[in-house]
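Down below is the structure, laid out as structure tokens.
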């Protein structure tokens, strides 16, 4: 039975018992309470009332006695007796109203009868007393009343006695009941006790037994003696039994689990040992390079681990194909005859012996219980024979790359076999790594050797190329020499022809002369011709003078230019070692130099015109453009002097005229700057219109030609009539004194006049002192087709000289072109110089062939640089072509196909050097032209930009002459 | 058979040159030496190596010509500009930390690269605290190098190289030219020592911070190359720099594991231990 049931039954019984005892006690106690109440409320009350009534009656009797004795006033006594009897009757009534038993009723009835008599007698007595008849009253009392009184009291006493008897009986009943109750309770209690003990005796043992079992189990569990749980026989089927049963099962489960874990741990341990060995293999052999060393260290290291007392490693090099196995490592192998040679074969062919068979089959071979004498293991102390032999293939990706042969005295257990398998697997991987590494290394080595051999060959080739080039150069120079002598021959021939020609000319002249002599009679004609000849002579002399002037000013420019540059550099005072005063002097030098340069330029222009060297390039000149040009140029200057500038174009003029625009602008510039210079207030105006008759007549007007007038009018100082012609003369101003107010060389008008003539026009002056002047340029309106003849001429002579068209007679033109060298005055001067120097200098630098006749395009907007550089270049026999900006440079390149090198300034207006270089490089035709960039104090970035833009090289400003020449030499070199 | 015979003849010729003139080409790469010898044989109009041997041993002029063939003076200013760029960017900062820099340019030939290096150091402000030892086996080449003469026709290429090598100025700052030749300005040679040195037979002469030996060892056989590598290793200071030619490698030499690769592309290595 379950403990729960047992406890339930036991406790229920005990509870029932307790409830019984309690209810019994309660009933009895209520019974006793009831009888006690009865006792008190009934009997005791009745006794009390009876006694009270008896007392009252007794007292009334005494009062009556007193009255009769006279001790008491009868009336007072009567009142007292009446009172007392009234009280007695009240209590009697109470008593009689109470519950009465039969016996009591009987007594009560007797009392009632007695009372009636007593009351009547008493009333009579009272009457008597009242009436004062005491004697009679005494008699009544003595006769009747006393008896009745006694009778009443006795009845009363009887009632009390009855009551007391009843009380006694009731008391006895109560005692009996009490005793019975006590007995009953005691009985129940004893029964309860016995029952309790019985229950305890019934429930306890099963609990303690169960707990004891559990405790024992817990103790064993605590001690880990799980295995002994099997022996526990648990019979009880109660809760504790079940618990124990559960406990047993847990313990047994745990036992099973523990055993499993232990097994697992041992497996893991074993695996760990294997892994450790594998890790060691990797660690030990990974870095090896030599296969044999690796094999040897493998067998040396792992034979002891595998418990092997004899071992061999055979390997085959996969690179060698299906080759033999080669002995690569051995362990404890005896040498044959003790001479160090191993007693085992160094090579094994596939299929040869067990080893070869294993190699062929890629399967391990195990031989247990080796026959005696199969192999010996020995040490200094003795010798034994192994029992087991394993031949294990070393595999890598299913290919056998070697075989390991091991012999053990005490056999191989599974762990060792497993370890051997794992080691061989790893060993295979490592060997393969080493093999492939060796292969890669070999390939690398070969490729490196080939790379180097290639380099050697390429250098040899370069070397041979160099030799070839030298030979070539030699050949070429010989060819050049040949060509030169040929040229010399040709030149001599030409000279001869020339002499011949001259001779012919002379012969003709002679013939003419003869003819002239023959016509002696025409004396006047002769004199005339003589006069003409003299005039020509004069013109020639003047021309020589102009040429000299031109040459001289050209030569003057070079030194002057350096003076300008240097003085400017000094004035900038970069080193900060000049005083302000000195800087001022420098600036003065610079400004004066500048003026001088301008003057020389003007002289040069003038002399060019005089010498007939001024080129005229007619083109369509848009007159609107001219106006705009002048407005742009002079508006700021006019504004500075607070003069108004008025431009006025008449309607009846053509849009464009065929003339040299550049020269026209030059003239207008001169006139304009004069006008502004000599005007202090008022206005300067420019007008294009038809010329007036007066203006037309003032120059060499050609019939049938239309003219156009460009006039500049000012409101300035004007010119005195007798100085009119003077101002057009060279170096003259109206005010020729040294203290004159206005600066300038005085060449502007002279040049303008000459230029006007070159353009086929003239300048008309209309002036009034202090009122102002009007200079009018009158130009013919020519058409291009009118000059087709001249253009043909130009093509023929390569230099179209205005002089030939305008100022010179056809005859003199021939004379001028006789000597071609005249057209290059600077060169001729230099040649004279070098010829003089040539006496003691073996080879002057100017003669350098590299530079000879090379055409250099100089792109720079700064005229000073232009002059400085060009003078250097020209001095070295290079021809210089100019451009003021990138666009012009591109145009020049377009026009002149044979430019050898470009010197390119970077900072220029219109199109800068970078852009220009990029454009040049974009054009395939100019791709190869070397460009040397001129960069000002260039920073790294600047230079990079140059190179990126396409410069071949760069040179920094200020340009060092020798450095520039070195550079040009380098880049001109073929 | 002919090949073997030719080998014998060549060996004898080189042995003879070594014994007669002291130039040791015995450990040069055979393939190259063979080509150079045959080149000379053709130019001299001879039938075989033995005939050349006869001439070379008896006629020093012929030997000089052969020597010119054997010693290949191929060089350029800023050859492999990227190497010089890397030198400027990566090596110069290290050299700045040194109080004095010693550089050995072994096999300097006609000095183009030495001058390039000098210009580079000058631009970096290091030339005054540097000494460049420029050595070569060929005395003729050294004479040219000492004069700083450069063929003018190469200058365009050199200018490009200079720019590609990170040159910061106008290249023409560094040379003068006259008709037909360019001369590197002498002040750039103020700290260059030109000397004859034979890598085959001579030993080290100092400890250096940088050794350049570019496209020299490619003419050597493996044995000689290893020997020269040992020489360089012994001559380098700790963390010294070794620079070899763009097509060369220090792998497979006995010293390869003593260097760390400083710049693989430009074949710059640094001695580590």
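Being over 18 Å from residue A:919 (Cα atoms) and modelled with pLDDT of 75 or more is the filter here, so list the residues in segment A:944-962 that pass it.
Passing the criteria: A:955, A:956, A:959, A:960, A:961, A:962.
Looking at segment A:255-269, can you tell me whether even one residue there is surrounded by 14 or more Cβ atoms within 10 Å (Cβ to Cβ) and under 30 Å from residue A:217 (Cβ atoms)?
yes
If the requirement is being without any contact (Cβ under 8 Å) to a residue 40 or more places away in the chain, part of a helix (DSSP H, G or I) and surrounded by 11 or more Cβ atoms within 10 Å (Cβ to Cβ), which of these qualifies: A:274, A:230, A:281?
The conditions single out A:230.
Checking residue B:113 against (1) surrounded by fewer than 24 Cβ atoms within 10 Å (Cβ to Cβ); (2) within 14 Å of another protein chain (Cβ to nearest Cβ); (3) in a helix (DSSP H, G or I), only one condition comes out false. Which one?
Answer for residue B:113: the failing condition is (1).
Would you mind stating whether residue A:220 is touching a helix residue (DSSP H, G or I) at 6+ places or on another chain (Cβ under 7 Å) and farther than 19 Å from residue A:7 by Cβ?
yes
List, please: which pairs have Cβ atoms under 8 Å, are six or more places apart or on different chains, and start with a residue in segment A:350-375 that is at positive phi and end with one that is part of a loop (DSSP other than H, G, I, E, B) and crowded, with 16+ Cβ neighbours inside 10 Å?
Cβ pairs passing all conditions: A:369/A:387; A:373/A:385.
Please identify the pairs in which a residue from segment A:888-913 that is on the phi > 0 side of the Ramachandran plot has its Cβ atom under 6 Å from the Cβ atom of a residue that is modelled with pLDDT under 90 and not in a helix (DSSP H, G or I), counting only partners at least 6 apart or on another chain.
Close Cβ pairs (under 6 Å, with a partner that is modelled with pLDDT under 90 and not in a helix (DSSP H, G or I)) amount to A:910/A:885.
Residue by residue through segment A:416-426, note down the ones that are within 51 Å of the chain's Cα centre (by Cα) and buried (at least 18 other Cβ atoms within 10 Å of the Cβ). Even if it seems obvious, please write down each step before you answer.
From segment A:416-426, those within 51 Å of the chain's Cα centre (by Cα) are A:422-426; that's our starting set.
Residues satisfying the conditions are A:423, A:424, A:426.
Can you spot a residue in segment B:244-255 that is closer than 24 Å to residue B:98 by Cβ, crowded, with 21+ Cβ neighbours inside 10 Å, under 14 Å from the mean Cα position of the chain (by Cα) and at pLDDT 90 or above?
Yes; the residues of segment B:244-255 include at least one that is closer than 24 Å to residue B:98 by Cβ, crowded, with 21+ Cβ neighbours inside 10 Å, under 14 Å from the mean Cα position of the chain (by Cα) and at pLDDT 90 or above.
Of everything in segment B:245-273, what is under 17 Å from residue B:204 (Cβ atoms) and within 14 Å of chain A (Cβ to nearest Cβ)? Give them in sequence order.
Passing the criteria: B:253, B:254.
Check whether at least one residue in segment B:116-134 is closer than 16 Å to residue B:194 by Cα, modelled with pLDDT under 95 and within 12 Å of the chain's Cα centre (by Cα), and report yes or no.
Scanning segment B:116-134 turns up at least one residue that is closer than 16 Å to residue B:194 by Cα, modelled with pLDDT under 95 and within 12 Å of the chain's Cα centre (by Cα).
Does segment A:106-123 contain at least one residue that is under 18 Å from residue A:167 (Cα atoms), part of a helix (DSSP H, G or I) and touching a residue at least 24 places away in the same chain (Cβ under 8 Å)?
Yes: segment A:106-123 contains one or more residues that are under 18 Å from residue A:167 (Cα atoms), part of a helix (DSSP H, G or I) and touching a residue at least 24 places away in the same chain (Cβ under 8 Å).
Only one residue in B:35, B:20, B:65, B:26 is within 14 Å of another protein chain (Cβ to nearest Cβ), touching a residue at least 12 places away in the same chain (Cβ under 8 Å) and in contact with a helix residue (DSSP H, G or I) (Cβ under 9 Å, 6 or more places away or on another chain). Which one?
B:65
Taking the condition within 14 Å of another protein chain (Cβ to nearest Cβ), surrounded by fewer than 19 Cβ atoms within 10 Å (Cβ to Cβ) and either modelled with pLDDT under 90 or touching a strand residue (DSSP E or B) at 6+ places or on another chain (Cβ under 7 Å) (or both), does residue B:222 pass?
yes
From the residues in segment B:161-195 that are facing chain A (nearest Cβ under 8 Å) and part of a helix (DSSP H, G or I), which one is surrounded by the most Cβ atoms within 10 Å (Cβ to Cβ)?
B:172
Going by the conditions given, is residue A:214 touching a residue at least 60 places away in the same chain (Cβ under 8 Å) and part of a helix (DSSP H, G or I)?
Considered against the rule, which asks whether it is touching a residue at least 60 places away in the same chain (Cβ under 8 Å) and part of a helix (DSSP H, G or I), residue A:214 comes out as no.
Identify the single condition in (1) surrounded by 18 or more Cβ atoms within 10 Å (Cβ to Cβ); (2) modelled with pLDDT under 85; (3) within 12 Å of another protein chain (Cβ to nearest Cβ) that residue A:973 does not satisfy, given that it satisfies every other one.
Residue A:973 satisfies all of (1) surrounded by 18 or more Cβ atoms within 10 Å (Cβ to Cβ); (2) modelled with pLDDT under 85; (3) within 12 Å of another protein chain (Cβ to nearest Cβ) except (1).
Looking at (1) buried (at least 17 other Cβ atoms within 10 Å of the Cβ); (2) more than 30 Å from residue B:156 (Cα to Cα), which is the one condition that is false for residue B:84?
Of the numbered conditions (1) buried (at least 17 other Cβ atoms within 10 Å of the Cβ); (2) more than 30 Å from residue B:156 (Cα to Cα), the odd one out for residue B:84 is (2).
Let's see how each residue does on (1) surrounded by 12 or more Cβ atoms within 10 Å (Cβ to Cβ); (2) more than 14 Å from every other protein chain (Cβ to nearest Cβ); (3) at pLDDT 85 or above; (4) under 60 Å from the mean Cα position of the chain (by Cα):
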{"position": "A:392", "(1), (2), (3), (4)": "yes, yes, yes, yes"}
{"position": "A:414", "(1), (2), (3), (4)": "no, yes, no, yes"}
{"position": "A:428", "(1), (2), (3), (4)": "yes, yes, yes, yes"}
{"position": "A:451", "(1), (2), (3), (4)": "yes, no, yes, yes"}
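Which of (1) modelled with pLDDT of 90 or more; (2) touching a helix residue (DSSP H, G or I) at 6+ places or on another chain (Cβ under 7 Å); (3) within 14 Å of chain A (Cβ to nearest Cβ) is the odd one out, the single condition residue B:9 does not satisfy?
The single condition residue B:9 does not satisfy is (3).
Quick one: which residue in A:160, A:185, A:197, A:203 is within 17 Å of residue A:24 (Cα to Cα) and assigned by TED's automatic domain parsing to the domain that holds residue A:61?
Being within 17 Å of residue A:24 (Cα to Cα) and assigned by TED's automatic domain parsing to the domain that holds residue A:61 holds for just one of A:160, A:185, A:197, A:203, which is A:185.
Can you name the condition, by its number, that residue B:202 falls short on among (1) within 12 Å of chain A (Cβ to nearest Cβ); (2) more than 25 Å from residue B:126 (Cα to Cα); (3) within 20 Å of the chain's Cα centre (by Cα)?
(1)
The values are calculated or read from the model by the stated rules, or taken from the named source; none is laboratory data. Note that the coordinates shown come from a computational prediction; the quantities given were computed from them, not determined experimentally. When we count neighbours, we look across all protein chains shown, and the Cβ atoms used for this are built from the backbone with ideal geometry, even at glycine.
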